[in-house]
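First up is the structure itself, then whatever we jot down about it.
Read the figures in this text as sums done on the coordinates, not as results from a lab. Here the structure is a predicted model, which is why all the values come from computation and not from measurement. When we count neighbours, we look across all protein chains shown, and the Cβ atoms used for this are built from the backbone with ideal geometry, even at glycine.
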Amino acid sequence: MATLQADYATPETERTPVVKLYLAIGLIVFAALMLVGVLMRAAQGASLSSIGPALFYQLMTLHGAGMVGTAGLAALAVNWYFLSRYVRLNPRVFLGALILSLVAVAMIVGAIMIGKFAAGWTFLYPLPANPLGQWGTGAALFFVAGLLVLGVAFLLVYLDMGLAIVRRYGSIARALGLPMLFGLERVDSAHPPTVVASAMVLIVNVAGIAAGAVVLVMTMLHLVFPALAPDALLMKNLIYFFGHVFINATIYSAVIAVYEILPLYARRPWKVSRPFLAAWLAVTLMVLAVYPHHLLMDFALPAWMAVMGQILSYTSGIPVLVVTAFGGLMLIYRSGIRWDAASSLLVLGLFGWAVGIVPAVIDGMISVNLVMHNTQWVPGHFHFYLLIGVVPMVLGFASYLGSNGEQGQTGRLGVGVFAVGAVLLCLTFLVSGANSVPRRFAVHEEAWQWLGNLGALSGGLVLIGTLMIALPILMRLPRARLSAV
Amino acid sequence: MQTAVLLITLLGMALVAAAFYVVVARSGPRDDDYSGITQQGYLIRRWWFLFLCGFGVLVSAWSLIPFPLQAGGVGAPRAIDVTGRMWSWDIASSSAQVGESVRFRVTSADVNHGFALYGPDDQIVAQTQAMPGYVNEVDVTFEQPGQYRVLCLEYCGLAHHAMAAEITVSEGS
């Protein structure tokens, strides 16, 4: 396949090396944190009684912060790599962000494993400052500061992306396609979906990380000066706005791999159109406004916020189901597509994202949330998005770029093992939620333990499948010429 | 309710899975007339979009009118104050009668907790957040006799899983 060497694009030699680093680190950390997840489910199944509550909650914090951060960085790599085809990005900024992220990881892991910090990745105020002896103020400060450093790393890359987009397209709004959507310019079907998605991610995640920075700084101030005690509901709003936006931006970044690679397999174009642009504008607005669906059990909030949370929770799924998932299926239909590890993973990713909408939307209903909130239904639905959505998209991207998707029988088998394990794992979470099994419990009652054991077994399959796909990629990656796309 | 929610969810997910299966199964042989496929696809997509919008309006109206949350659905219930603290519940009264309506007024003395009321069948009946500086009210009408349990559903540290209390609901005299 011919590669693009336009003068507005990032030179080919500069595009690949840092992306390789992001991918290699991402795949290794994904596998390691999957193992942590398996250990947690085994502990809940009482198969691993050596993990006491203190270690369990440390591992829970590590798994949450680690997976969110790693998924964010891996999806950022997808976004950066493909956006660099259309605008000139600075690889040194991208490398600098990776180094900064590694510093952040060291701070976060140190705070958890040495300082025993275990307030969960959402560091829900005022828990970090109220450990009752479980961890010290220093550990909490290190964790919170680590997240802040990670946020700075993301913002640096977004600044570079934003400047590059504005240099080529004139404004972020033009990159998002607003003039075409509103009839001010004719629809240019050659306008890359990647640029539209990147503009959306920039808008929402800069806002999300900014809110995150505010709440992180407020948490640090409270840790140092306990008398400075912000309002708990305000802090909760900021935390969930940040968390929701960040993880959504991760998904919308990762799906760029589908937009770019699937058309090559199907030998059909994925073009922008007015419905496509309308969907991305709608998603931009809804991702910013939907977060109150995390706060449906906070009755102190105004009722209109709960109603907005429920309605936007539903409408947020429509662009995914109507535009991206439908568009992907239309692309595949009667295309004679070659099914290999990469194409299978990308379609699996699209499926995980689309199917995860169902339990998410249902839990976003106020009357359902009343009995499902903070049960294992919640990790059930977000594992569909992340484990069967984002992870296969990143693995598919790595497989295509690292080995052109040709991973032979082992690769295809790995995808099968991964898919079976991941679906089973998510279903055990949903069944647990329907049985009112709480999330984030170190010790489970006997009646719930079989679900924990089944979850651990399923997680083991996920890990084996991931290793079957990722290890050959990792071995080829140093020599791979990532110039196919 | 939870079983119905699970079944509806599985049905919805099965429909999405079926759509993917059908398309993947028909991914070959290649049809080079992609514009013909897109023309047909856009028509289906338009109806799919309209269906999702219409379905959303109906479900939203059905589930939001009357407003399903918070206190106020029951006339003059007995108020019970609840305070969560690491890692125990302080409940002003731990007994009630079948058919009795109770308004739990829930707060926290330290960090965020989750007040979740489990029925005798170990299924969640109702819940709300216990927050420092706020009082959340939730109304519950006890429909079954037996031991109800209160568990914490918002992670609150080392003994979060052990933060439990009981409420006894007896048959009315």
*For chain A, which longest stretch is free of loop sites, where a loop site is one of the chymotrypsin sites (Phe, Trp or Tyr not before Pro) that DSSP puts outside H, G, I, E and B and that has at most 14 other Cβ atoms within 10 Å?*
A:183-485
_Long-range amide H partners of B:Cys152 with built H, under 5 Å_ = B:Met163
*asked:* Given the -39500 (n - 2.57) contribution per DSSP H run of 4+ residues, what per-residue ellipticity at 222 nm results for chain A, rounded to the nearest 500 deg cm²/dmol?
replied: -24000 deg cm²/dmol
*From zero up to wherever the largest Cα-Cα distance of chain B sits, split into 10 Å bins and tell me the percent of pairs in each.*
9, 25, 23, 16, 12, 10, 5, 0
_Average Cα contact separation per residue, chain B, under 8 Å, 6 or more apart, as relative contact order %_ = 19 percent
_Of B:Leu117, B:Gln97, A:Met475, farthest towards positive along the dipole that unit charges on Lys, Arg, Asp, Glu beta carbons give the protein assembly as shown_ = A:Met475
_Between the stretch B:86-102 and the stretch A:402-458, what is the separation of their alpha carbon centroids in Å?_
37 Å
*Under the Karplus relation 6.51 cos²θ - 1.76 cosθ + 1.60, θ = phi - 60°, what is the ordered set of whole-Hz ³J(HN,Hα) values for the stretch A:328-336, x standing for Gly and Pro?*
x, 5, 5, 5, 7, 3, 6, 9, x
*Sum up the charges of everything whose Cβ sits under 11 Å from the Cβ of A:Phe326, counting Lys and Arg as +1 and Asp and Glu as -1, but leave A:Phe326 out.*
+2
*Of the DSSP beta bridges with both residues in the protein assembly as shown, give the percent that are antiparallel, rounding to the nearest 5.*
70 percent
*For A:Val217 and A:Ile114, what is the calculated FRET efficiency with R₀ set at 35 Å and r taken between the beta-carbons, to the nearest 0.05?*
0.90
*Roughly speaking, what is the stretch gain from A:Met308 to A:Met475, that is 0.36 nm per residue apart minus the C-alpha to C-alpha distance, in nm to one decimal?*
55.3 nm
*Jot down the radius of gyration and Dmax of the stretch B:121-173, Cα atoms only, both in angstrom.*
13.1, 42
_4 °C / 1.567 mPa s Stokes-Einstein diffusion coefficient of the stretch A:12-476, Kirkwood radius on C-alpha pairs, µm²/s_ = 58 µm²/s
_How are the alpha carbon pair distances in the stretch A:94-220 distributed across 5 Å bins from zero to the largest one, expressed in percent?_
2, 11, 17, 16, 13, 11, 9, 8, 6, 4, 2, 1, 0
*Compute the Rg/Rh shape ratio of the stretch A:145-193: radius of gyration over Kirkwood radius, all on alpha-carbon atoms.*
1.18
_Sort B:15-24, B:103-112 by the packing proxy (mean of other Cβ within 10 Å over each peptide's residues), most packed first._
B:103-112, B:15-24
*Out of every Cα pair in the stretch A:21-127, what percent are spaced more than 17 Å from each other?*
59 percent
*Let me have the relative contact order for chain A, percent, based on Cα pairs under 8 Å that are six or more residues apart.*
20 percent
*Mind checking Rg over Rh on the stretch A:259-401, alpha carbons, Kirkwood formula for Rh?*
1.04
*Could you please state, rounded to a whole Å, how far the C-alpha centre of the stretch A:223-267 is from the C-alpha centre of the stretch B:134-167?*
30 Å
_Where Rh is the Kirkwood radius over Cα pairs, Rg/Rh for the stretch B:78-170_ = 0.94
_If a paramagnetic tag sat 7 Å from the Cα of B:Val59 along the Cα-Cβ line, which residues of the stretch A:427-444 would have the backbone N under 18 Å from that point?_
A:430-431, A:434
*Which whole number gives the average count of other chain Cβ atoms within 10 Å of the Cβ atoms across peptide A:374-386?*
2
*Net +/- balance of residues flanking B:Asp81 in space, Cβ distance below 12 Å, scoring K and R +1, D and E -1*: +1
*Write down, largest first, the equivalent ellipsoid semi-axes of the stretch B:2-64 in whole Å, where each equals the square root of 5 times an eigenvalue of the alpha-carbon gyration tensor.*
31, 18, 4
*Percent of Cα pairs exceeding the 26 Å cut-off, where the set is the stretch A:319-469*: 32 percent
